[in-house]
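The values are calculated or read from the model by the stated rules, or taken from the named source; none is laboratory data. Not measured: the values here are computed from a predicted model. Heads up, the Cβs are rebuilt from the backbone with ideal geometry, glycines too, and the neighbour counts pull from every protein chain shown.
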């Protein structure tokens, strides 16, 4: 679910190379194939979300005949739209600056029982690959912030639509559920739609609301200010070399989260391993010592707002109703 393929640490082209490689060349068939496979995986997962929604929190039996592709699309379409908006935000920003970047590589996840994220989302998101260095803070910042903003702009309407389609109810005795943590934005949308829920009443989230939840989760994760994540690019563009201190603080925070909730163990291990391997410093740009302009520093505060809006310390846990 990361943008780790965004690589601005490539060496500069050899000035003696008189035959520059072709730019903006992609194997379109591969990107289309990965997109189709990811759509299929998320649609399959969406069928499970829709069956759970129709069961009214375990109080009703759901006929297997209801599990058609159309029901799965209630989850797949908004989620894929959020992911696509995010990645094309990056891609179009790169094209604006003439930076050679690939089309999005979508990452389908086979929904098997030993792959929890595959069961719950059907995808690990998507990445683009930047095939040449980025030398300017301004270009780096614009490329990094464009993805989260574009995805967030799609996720918020999907969240309110999904909440409007959702219902409330009481859990059936013995009904095992996977409880998704409620980010600030999710709670706000729920409160504006249903008001405060009384004790014993739970939200029966529509699949579109769940797609928006995953969209917010992707936004939050990508905004973590570590190295090649969007947040790492943004932090470096704003803070320069001082962003390394923030990276180390964030890693300590992630380790604390992993102790508090083990679902953070894998992200903490992956990001910690990257920092250990590459070091805490972001690959430099040519104008590293020049401060970012005031307008972009103000836009950077939007990244903080989006992160807070989307963050939850306990994203997923298993509950069993009494």
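Tabulated values for the structure
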| quantity | calculated |
| --- | --- |
| Residue ranges of helices (runs of 4 or more DSSP H) in the stretch 226-322 with at least 1 members without any contact (Cβ under 8 Å) to a residue 12 or more places away in the chain and under 16 Å from the mean Cα position of the chain (by Cα) | 265-278, 294-310 |
| Selected residue (only one of 200, 215 is surrounded by fewer than 23 Cβ atoms within 10 Å (Cβ to Cβ), over 20 Å from residue 257 (Cα atoms) and either touching a residue at least 12 places away in the same chain (Cβ under 8 Å) or in contact with a strand residue (DSSP E or B) (Cβ under 9 Å, 6 or more places away or on another chain) (or both)) | 200 |
| Residue match in the stretch 152-164 (condition: at pLDDT 85 or above and touching a strand residue (DSSP E or B) at 6+ places or on another chain (Cβ under 7 Å)) | no |
| Within the stretch 270-289, considering residues that are touching a helix residue (DSSP H, G or I) at 6+ places or on another chain (Cβ under 8 Å) and within 29 Å of residue 181 (Cβ to Cβ), the one surrounded by the most Cβ atoms within 10 Å (Cβ to Cβ) | 271 |
| Residue match in the stretch 128-144 (condition: farther than 24 Å from residue 83 by Cβ and part of a helix (DSSP H, G or I)) | yes |
